Amino acid sequence: MTEVLNLTITTETGRLDKVLAGAFPTHTRSQLQQWLKADLVTVNRAPAKAKYKVQPDDQIQIQVPAPVPLDLKPQNIPLDIVYEDDDVIVVNKPQGMVVHPAPGHSDGTLVNALLAHGPLSSINGVIRPGIVHRIDKDTSGLLMVAKNDLAHQSLAAQLKAKTTIREYIALVHGVIEEEKGTIDAPLGRSKNDRKKQAVLEGGRHAVTHFQVLERFTNYTLVKCILETGRTHQIRVHMKYIGHPVAGDPLYGPKKTLKGAGQFLHAKKLGFKQPTTGELLIFEAPLPAIFQKTLVALSPLNGEPKK
């Protein structure tokens, strides 16, 4: 059954897509953009485009399409499940696993494994069921997955409100002199390489906080706390300040540490349980190859390891 969303504008102005994102935080920006392109959004009963400038007294209506039945193939792939209840699953994703199907990765993904494990929310359609946020293929660590639509809406709203806890551990090139810092630089798709993200004027707001944990000869171990969650955010931001993530094949130097991809691990994840409101916090240890690499590095100035 098609759901109808109605909105009457009072004092808001600005682009329609931005107004919708603020008015309906439980729906993702990508969903809203798809509905705009499909003419499912009308203003004063006429289809409107994303760039339409909203005016007071405008009557906005969205015809939300019924969820498309999932047709991905469940695959019996082992999962490292850290926590599970009726609403959410917290998974410790290994390096090398793609989160959801994409060109070149039609199966063997985390979604394929999750579908074999049990039901997932349908909000993101046939390709990304249950997926509220992502981490890159060669980034390891914690990921929260929604098992039903209400849980998905709750977790998405928490991400938008910046109330979730997301802490990463990264090994970066060079020695960072500051003990901590904040990188506030907008991100967008690179104009020179469509596979890359870059710091761009007019890009999407992106903020990363970092804190030095340990310094080595030529490398620094840092904790990164995400305030926003843009594609490749930590990788691009650390490169932007001159300290690319070690092992990063896309943003790092050619001469780097050998591993299974970038030395970046989603170590800590926290959110409120969608039904009970209880704050849940989880941590996952560094992968073995990450730990082995740290042991082999020389502490800065011969200082003993922490």
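The values are calculated or read from the model by the stated rules, or taken from the named source; none is laboratory data. Owing to the predicted nature of the structure, the values given are computational and were not obtained by experimental measurement. Here the Cβ positions follow ideal geometry from the backbone for every residue, glycine too, while neighbour counts run over all protein chains shown.
Observations on the structure shown:
- Residue in the range 253-271 that is of a type in the set (Gly, Ala, Ser), part of a strand (DSSP E or B), modelled with pLDDT of 95 or more and farther than 21 Å from Ile183 by Cβ present: yes
- In the range 181-209, residue nearest to Asn301 (Cα to Cα) [restricted to those that are in contact with a Gly (Cβ under 6 Å, 6 or more places away or on another chain) and not aliphatic (A, V, I, L, M)]: Pro186
- All positions within the range 219-237 that are crowded, with 17+ Cβ neighbours inside 10 Å and in a strand (DSSP E or B): Tyr219, Thr220, Leu221, Val222, Cys224, Ile225, Leu226
- Against the conditions (1) touching a helix residue (DSSP H, G or I) at 6+ places or on another chain (Cβ under 9 Å); (2) crowded, with 17+ Cβ neighbours inside 10 Å; (3) part of a strand (DSSP E or B), Glu214 satisfies every one except (2).
- Cross-chain or 6+ apart pairs with Cβ under 6 Å, the range 82-101 first and in contact (Cβ under 8 Å) with a residue 40 or more places away in the chain, then surrounded by 21 or more Cβ atoms within 10 Å (Cβ to Cβ) and among the hydroxyl-bearing types (Ser, Thr, Tyr): Pro94/Ser140; Gln95/Ser140
- Test: residue in the range 240-247 that is in contact with a Lys or Arg (Cβ under 6 Å, 6 or more places away or on another chain) and modelled with pLDDT of 95 or more: yes
- Residue count for the range 38-64, restricted to those that are loosely packed, with under 14 Cβ neighbours inside 10 Å and assigned to a loop (DSSP other than H, G, I, E, B): 9.
- When residues of the range 130-176 are limited to those that are among the hydroxyl-bearing types (Ser, Thr, Tyr) and over 13 Å from the mean Cα position of the chain (by Cα), the one surrounded by the fewest Cβ atoms within 10 Å (Cβ to Cβ): Thr163
- Any hit, the range 292-301, residues being of a type in the set (Val, Ile, Thr) and touching a residue at least 40 places away in the same chain (Cβ under 8 Å): yes
- Boolean, Lys180 is in contact (Cβ under 8 Å) with a residue 40 or more places away in the chain and basic (Lys, Arg): no
Yes or no, residue by residue, for (1) in a loop (DSSP other than H, G, I, E, B); (2) surrounded by 18 or more Cβ atoms within 10 Å (Cβ to Cβ); (3) not assigned by TED's automatic domain parsing to the domain that holds Arg29:
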| site | (1), (2), (3) |
| --- | --- |
| Glu178 | yes, no, yes |
| Asn192 | yes, no, yes |
| His209 | no, no, yes |
| Lys239 | no, yes, yes |
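- Within the range 135-168, tally of residues that are closer than 22 Å to Leu20 by Cβ, among the charged types (D, E, K, R) and not in a helix (DSSP H, G or I): 1
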